[in-house]
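These notes concern the structure reproduced below.
The values are calculated or read from the model by the stated rules, or taken from the named source; none is laboratory data. Every value quoted in this text rests on a predicted model; they were computed, and no experiment measured them. Ideal geometry is used to build each Cβ from the backbone, glycine not excepted, and the neighbour counts take in all protein chains shown.
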Amino acid sequence: MFRQSTILLFSSAIALLATWAQAETLNVRLVLSDSTPPYQQFSAALNQALAASKADVAVIESQAGPHTQPGEGAHTDLVIAAGMKAMELAIAKFDVPVLGVMIPRMGYEALLERGSSQKRSKATSAIYLDQPWDRRLSFIQAALPKHKTVGLLYSSDTHILLPRLPRGMSLNAQSTRSAENFFATLESVLNNSDVLLVIPDSEIYSSSNVRNILLTSYRHQVPLIGISQAYVNAGALGAIFSIPEQLAEQTGEMIVSFARNRRLPEPQYPKLFTISLNQQVAHSLGIVLDSPEAIRERMDKAGEGRQ
Amino acid sequence: MKKFWHRPLIAVLLAGMACGSAWAADYPSEQDYFQELPVVLSASRLSQPISETPNAMTVIDREMIVASGARNIADVFKLVPSMYVGYENGHTPIVSYRGITDAYARRMQVLVDGRSIYLPIFGQVDWAELPLDIGDIERIEVVRGPSAASHGSNSVQGVINILTRQASAVPKAQASVSKGDAGVSDVSARFGGVGEDWDYRVTLASRADSGFDPISSVFTIPLNDNSRTQLINTRINYRPTGSDSLDIQLGYSDSSRQLGDQNPTPSSNGIFSTLRDQKVSSDFEQFTWLHTFGGDSDLQLNYYHIGRNTKDERYSMPCVSCSPDLNLIASGSYPVFDDAVIHRHDLEMQHTLHTSPTNRVVWGMGARHDSATAPNNLRYSPTWREYRLFAHDEWRIAPVSLINIGAMAEKNALGQTRVSPRISYNHHLTPRDTLRASVSIAYRNPEMAEELGNQSVRLNNVAGKQWTWHNISAAGGLGPEKAISREIGYVGQLDEAGSTLDVRAFHDQISNIIWVDPVADPNSTVTPKSFKSDFNAFYSGLEGTLNYKLGVRSRLTVNYSHQVAGASPSRVSPVASVNASLISYANKYSQTVPLNSASMLLSHDFYGGLQLGAGFYHIDPVRSLDAGLMQPLTRYLDFRVAQSFGGWQSKKGRSGGGEIALVVKNALSDHYFDYSTQTRHKRRTSLTATLGL
């Protein structure tokens, strides 16, 4: 008897909720830059996250292309643009709020700057793909407490905004002006650094250069900290990054919140991140690394300390 | 040009935007995060840290090579504890680990990028005419102790592993000119390029000098050891896919070296070393293919060929003041041709795999084919084939302890099969302090000259007797020398800057040492030499290296070695005089190692591109069994001062801009001699100008 009434109550609540929600169904248009695995993983994980949240969100997925039109299908409340290509298209073609995901902060800001004259009124926000500087440096500090000087290599036309450095850390940043002096600069950075930190700079970290950078830094016995799992597989000592599934979870939360208040929060860095380490490389360099969990714990502690 | 930002500083590095991906050149894109990368530091490329190697190891990097002011590769080895470096003449350096028994350092394997340059017929390395410029060396790893399990036969006392610069690591273009005392005149030019899936570098070099000054007060014979070497060397790396890499290395060198005496000596039993130019040309071709299966397994195939052609033609001259008998026997002029052609082909397969996160295995097999044609030095033109099978396991039994266990089974050209095992245990007392204990067995195969040597010149027929000058007459039937080595060592990191201390105590026993066995030939003007297993010997001692970093700009390396050796004859000859000479040699054996030897290298980078390097060397008295006199206590100081200008400067290399360097060898002008008592090391100054693009 008791069980029956509970079930009854529960089902009527769900029915009620469903009716209410149906009236408020949020129509989300998910635009992917292309159909390669990272975007597909993001899409799948986002659908899963939304399903788990039980929010009434209808997602229509499309790929960014010249034929993508806002009018296709039903009315759209919110556009989730995955990748720069999708983001550029979404800003240009949709008149509804746009949330960019899987895009670097620099790309997002550059896009807004260029588009600022046209559609200022439209609400946009983003979940960046990059890790905040504090987190990257805190990771290095937690994983490699004895590696005090962080080397940075950037092409002369890259724009980087450097952070406040944690106590005891120093930065050795040098720019390469041309391909010719690339190796001289790399050697110079490696000679005076304890660890080399990769930044997203395709001019320097092209796939052919990454090979030489890894070989050269290994010869100098300087560990490299990458920006993706691919770097760790290739021979970086470690990397800190957010995978599409983690970004999708955060996106899901933002969509649910948008469904409630119809507002997009400020652009933000990923909340969830992955720490990946290459123990073989560590052994070879004579470095003793803790487990990713222990490093994360130390990062958390350091973060609390700072606050 | 270095910029340092210290906390708490916020810096903005200049404007503009990097292009991100193929689709839009305007913005940074996410592609940097999603790009696929090939596995670069795959299983076989990851070397063991020094605290985990099964043997003691000395690493000499480019920075040290430059700071030492070394012009010859051989001189660099003065920075290895227990390594002997001396000169037979201006163009024949002798590099030998654990003292020196003779001019051919036979108990050491020498590799350049895995290519064995320890060559037949006599088993030596011709350091002067290697088709390799010292400026192309990235680093040198010297395994101190037997390493046959990893490096094959002849790795009895140590292994020198020279690693040259990657094709991609060379500046776009660089030229260098040196001039100095003793006719030093060197020129080198190198250039390279980096592409999407290939890199290359090319070096052209020429070296010339007029050798040593003779000792005018003692010997009246002028020493003729002028030499000139020209070489070309190239390395190409091609990467057809992300998991395949093909490394191609080619080199050729051509050298001309003066040998012999201008005036015949009266006591040469009819054969004189006349003044002549020895011509040597060498070439090599090496192809290394590396395939990576994910990050955990690599397959490498390595093939190389080395060719070497020596032309050394001399003639005897009539004896000036010989005994009347000898005047009759050797009255004419007889040709002595030491011409030789050598070819070595070597093919090796090596598979490296991580079987678990705590275990790495390297195994493989190889075959070598050596052929030599040297009609006046060998009984016939032999073709020697050797086969080898090896496996090495590196097992981390606990986070603080590691076992290296391995063995090589080898069938040598004489059909003898030997197994060289090695086991070592490394224990990290703390992350900074490691103890190592190891035991190994290694073999040295007999050289062609020891097994098949024959050197004979027909002289006159006097009263029905055909006289010969029969210098070498090897009886054959030799077996490999065997070494058992035990060591305990300590490797420690001293501070945060990375200063290290490496100390080890060792005891090596070598049995069946092959040495000279005089044989009778009633028709010869000299007693021919054969070879036999003559001695058992031991070496014990203590050696260590301190690498001290005095701040970022200074570095100090100190090497010290204390060693003792002894030998006893391993056989009894029916000939009393042979026994006497065996005992005499055995007694002298302890002198083949210097009791104490040390080297010290200090380098400092001043602000403004000024660099200083100073090397100080000390060797206690030492005697080679085949040389006459004891080499007395030797001490000398070398230094190098360099000023770089323009372009980008770094401690290890220059790109763009240039550099002027002054090198003074034997700066305190101690007129010392080493292996050869005919030569004097005097103060030598040279100036090098380098300009790069």
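Side notes on the structure shown:
- Filter result (within 14 Å of another protein chain (Cβ to nearest Cβ), among the aliphatic types (A, V, I, L, M) and farther than 21 Å from B:SER47 by Cβ) within the range B:393-444: B:ALA398, B:LEU429
- At least 1 residues being more than 30 Å from B:THR164 (Cα to Cα) is the threshold, and among the strands (runs of 3 or more DSSP E) wholly inside the range A:183-277 those reaching it are A:238-241, A:274-277.
- Residue in the range B:66-75 that is within 24 Å of B:ALA367 (Cα to Cα) and surrounded by fewer than 21 Cβ atoms within 10 Å (Cβ to Cβ) present: no
- Qualifying residue in the range A:175-184 (condition: touching a Lys or Arg at 6+ places or on another chain (Cβ under 6 Å) and in contact (Cβ under 8 Å) with a residue 24 or more places away in the chain): no
- Residue that is farthest from B:ALA167 (Cα to Cα), among those in the range B:179-212 that are without any contact (Cβ under 8 Å) to a residue 40 or more places away in the chain and within 14 Å of another protein chain (Cβ to nearest Cβ): B:GLU196
- Qualifying residue in the range B:350-368 (condition: part of a strand (DSSP E or B), over 30 Å from B:PHE287 (Cβ atoms) and touching a helix residue (DSSP H, G or I) at 6+ places or on another chain (Cβ under 7 Å)): no
- A:SER207 being under 26 Å from A:TYR108 (Cβ atoms), polar (S, T, N, Q), free of Cβ contacts under 8 Å to residues at least 24 places away in the same chain and in contact with a strand residue (DSSP E or B) (Cβ under 7 Å, 6 or more places away or on another chain): no
- Of the residues making up the range B:637-652, not a single one is touching a His at 6+ places or on another chain (Cβ under 8 Å) and in a loop (DSSP other than H, G, I, E, B).
- Considering each residue of the range B:522-543 in turn, none proves to be closer than 30 Å to A:ASN192 by Cα, surrounded by fewer than 19 Cβ atoms within 10 Å (Cβ to Cβ) and of a type in the set (A, V, I, L, M).
- Members of the range B:567-614 that are at positive phi and touching a Phe, Trp or Tyr at 6+ places or on another chain (Cβ under 8 Å): B:GLY609
- The condition (being over 30 Å from A:VAL79 (Cα atoms) and touching a Lys or Arg at 6+ places or on another chain (Cβ under 8 Å)) is satisfied by just one residue among A:TYR218, A:TYR231: A:TYR218.
- Strands (runs of 3 or more DSSP E) lying entirely in the range A:88-173 (those with 3 or more residues that are in the same structural domain as A:SER257 (by TED's automatic domain parsing) and under 20 Å from the mean Cα position of the chain (by Cα)): A:98-103, A:124-128
- A:SER193 being surrounded by 23 or more Cβ atoms within 10 Å (Cβ to Cβ) and in contact with a strand residue (DSSP E or B) (Cβ under 6 Å, 6 or more places away or on another chain): yes
- The range B:314-340 - residue that is under 30 Å from B:TYR118 (Cα atoms), buried (at least 16 other Cβ atoms within 10 Å of the Cβ) and out of contact with any Asp or Glu (no Cβ under 7 Å at 6 or more places or on another chain) and, of those, modelled with the highest pLDDT: B:ALA340
- Any chance B:SER356 is more than 26 Å from B:ARG444 (Cβ to Cβ), within 14 Å of chain A (Cβ to nearest Cβ) and free of Cβ contacts under 8 Å to residues at least 60 places away in the same chain: yes
- Matching option when the condition is within 14 Å of chain A (Cβ to nearest Cβ) and either under 27 Å from B:ALA67 (Cα atoms) or crowded, with 21+ Cβ neighbours inside 10 Å (or both), among B:GLN157, B:GLN166: B:GLN166
- Looking only at residues of the range A:204-228 that are modelled with pLDDT under 85 and facing chain B (nearest Cβ under 7 Å), we find that the one that is nearest to A:LEU162 (Cα to Cα) is A:SER207.
- For the range B:30-63, the tally of residues that are away from chain A (no Cβ under 14 Å) and part of a helix (DSSP H, G or I) stands at 0.
- Residue tally, condition outside any strand (DSSP E or B), surrounded by fewer than 24 Cβ atoms within 10 Å (Cβ to Cβ) and in contact with a strand residue (DSSP E or B) (Cβ under 7 Å, 6 or more places away or on another chain), over the range B:415-447: 1
Yes/no per residue for (1) more than 12 Å from chain B (Cβ to nearest Cβ); (2) touching a residue at least 24 places away in the same chain (Cβ under 8 Å):
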residue	(1), (2)
A:TYR231	no, yes
A:ALA234	no, yes
A:ALA239	no, yes
A:PRO244	no, yes
A:LEU247	no, yes
A:GLY252	yes, yes
A:LEU264	yes, yes
A:GLN279	no, no
A:GLY303	yes, yes
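- Candidates in the range B:462-498 are the residues that are closer than 30 Å to B:PRO146 by Cα and of a type in the set (S, T, N, Q); of these, the one that is nearest to the chain's Cα centre (by Cα) is B:SER485.
- Boolean, B:TYR27 is facing chain A (nearest Cβ under 7 Å), farther than 30 Å from B:PRO431 by Cα and either at pLDDT 90 or above or in contact with a Pro (Cβ under 7 Å, 6 or more places away or on another chain) (or both): no
- Screening the range B:177-193 for residues that are over 23 Å from the mean Cα position of the chain (by Cα) and under 11 Å from B:ARG228 (Cβ atoms) and picking the one that is modelled with the lowest pLDDT gives B:GLY183.
- When A:ARG114 is tested against the conditions (1) within 14 Å of another protein chain (Cβ to nearest Cβ); (2) within 22 Å of A:GLU266 (Cα to Cα); (3) modelled with pLDDT of 85 or more; (4) surrounded by fewer than 20 Cβ atoms within 10 Å (Cβ to Cβ), the lone failure is (3).
- Condition check for B:GLY192: among the small types (Gly, Ala, Ser), over 30 Å from B:LYS682 (Cα atoms) and either buried (at least 18 other Cβ atoms within 10 Å of the Cβ) or in contact with a Lys or Arg (Cβ under 9 Å, 6 or more places away or on another chain) (or both): yes
- Condition met for A:PRO132 (of a type outside the set (A, V, I, L, M, F, W, C), modelled with pLDDT of 90 or more and farther than 18 Å from A:GLU203 by Cβ): yes
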